[in-house]
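These notes concern the structure reproduced below.
The values are calculated or read from the model by the stated rules, or taken from the named source; none is laboratory data. Predicted, not measured: the structure shown is a model, and the values here were computed from it. Positions of Cβ are generated from backbone atoms using ideal geometry, with glycine treated the same way; all protein chains shown enter the neighbour counts.
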Amino acid sequence: MTDRLQTMPPDPLPIVCCFIFDDRGRILLLQRHSDDLGGGLWAAPGGKQEPNEDPWQTAQRETQEETGLALEALELLGSHEMRMPHGVAHMTTFKACVRGETIITINPEEHEAYHWFDLNSLLQESDIIWGLPTQLLDFGFLEPFATDPTLADGSEAILLELTKP
């Protein structure tokens, strides 16, 4: 049985995610389970960092649990503080690339679907998780844009660390 995240703890929640790109430059996003906080929203694979893990281990574990992909070559991009009306998360982000036909296996207890999104149209997509476009901009994957539609509720994505300029 999957533990459902329906409320945020009082302290910032340590979250690790992985931007997975295919050889066409598209990003893999998973649709969060409708019973979770942010249910129905599209997000990068990732989850809560356990106390005994470093961020790299969390990225590997969560990616494998959520997509079936066993990725070794992960590149640390940096971190953000995600301030949302329901709480604060400290998000550490990695990047990985996959080539050719990649089989994605999602766990229906955790996610409802997966999709490869074209970065050029991401800002026009509905139901994208809080701050994802800003994160992609900060890490150099999106061209500058006027406003992040995912932050319209007053949420903020604040860059804390950029590993590589």
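Run THR63 past the list (1) closer than 20 Å to LEU162 by Cβ; (2) touching a Pro at 6+ places or on another chain (Cβ under 6 Å) and report the number of the one that doesn't hold.
Only one criterion is unmet by THR63, namely (1).
Keeping to region 132-165, report how many residues are under 13 Å from THR92 (Cα atoms), part of a loop (DSSP other than H, G, I, E, B) and under 15 Å from the mean Cα position of the chain (by Cα).
Number of matching residues: 1.
Quick one: would you say ASP148 is in contact with a helix residue (DSSP H, G or I) (Cβ under 8 Å, 6 or more places away or on another chain) and under 22 Å from LEU159 (Cα atoms)?
For ASP148, the condition - in contact with a helix residue (DSSP H, G or I) (Cβ under 8 Å, 6 or more places away or on another chain) and under 22 Å from LEU159 (Cα atoms) - is met.
Search region 105-118 for residues being outside any loop (DSSP other than H, G, I, E, B) and touching a Lys or Arg at 6+ places or on another chain (Cβ under 7 Å), and hand back the single one that is surrounded by the most Cβ atoms within 10 Å (Cβ to Cβ).
Across region 105-118, the extreme among qualifying residues is HIS111.
Is it true that LEU30 is of a type in the set (A, V, I, L, M, F, W, C), surrounded by fewer than 19 Cβ atoms within 10 Å (Cβ to Cβ) and at pLDDT 90 or above?
In short, no.
Here are HIS80, HIS86: which of them is within 16 Å of PRO14 (Cα to Cα) and either surrounded by fewer than 16 Cβ atoms within 10 Å (Cβ to Cβ) or aromatic (Phe, Trp, Tyr) (or both)?
Only one candidate passes the filter, namely HIS86.
Could you tell me how many of the residues in region 50-62 are surrounded by 19 or more Cβ atoms within 10 Å (Cβ to Cβ) and either of a type in the set (D, E, K, R) or at pLDDT below 95 (or both)?
1
Exactly one of these conditions fails for MET91: (1) surrounded by 15 or more Cβ atoms within 10 Å (Cβ to Cβ); (2) in contact (Cβ under 8 Å) with a residue 24 or more places away in the chain; (3) farther than 16 Å from LEU132 by Cβ. Give me its number.
(3)
Looking at (1) closer than 24 Å to GLY87 by Cα; (2) touching a strand residue (DSSP E or B) at 6+ places or on another chain (Cβ under 9 Å), which is the one condition that is false for LEU123?
Among (1) closer than 24 Å to GLY87 by Cα; (2) touching a strand residue (DSSP E or B) at 6+ places or on another chain (Cβ under 9 Å), LEU123 violates only (2).
Is one or more of the residues making up region 136-148 surrounded by 20 or more Cβ atoms within 10 Å (Cβ to Cβ) and over 20 Å from GLY46 (Cα atoms)?
Yes - at least one qualifying residue is present in region 136-148.
State all residues of region 135-165 that are within 14 Å of MET84 (Cα to Cα) and free of Cβ contacts under 8 Å to residues at least 40 places away in the same chain; if no residue qualifies, say none.
Hits for region 135-165 are ASP148, PRO149, THR150, LEU151, ALA152.
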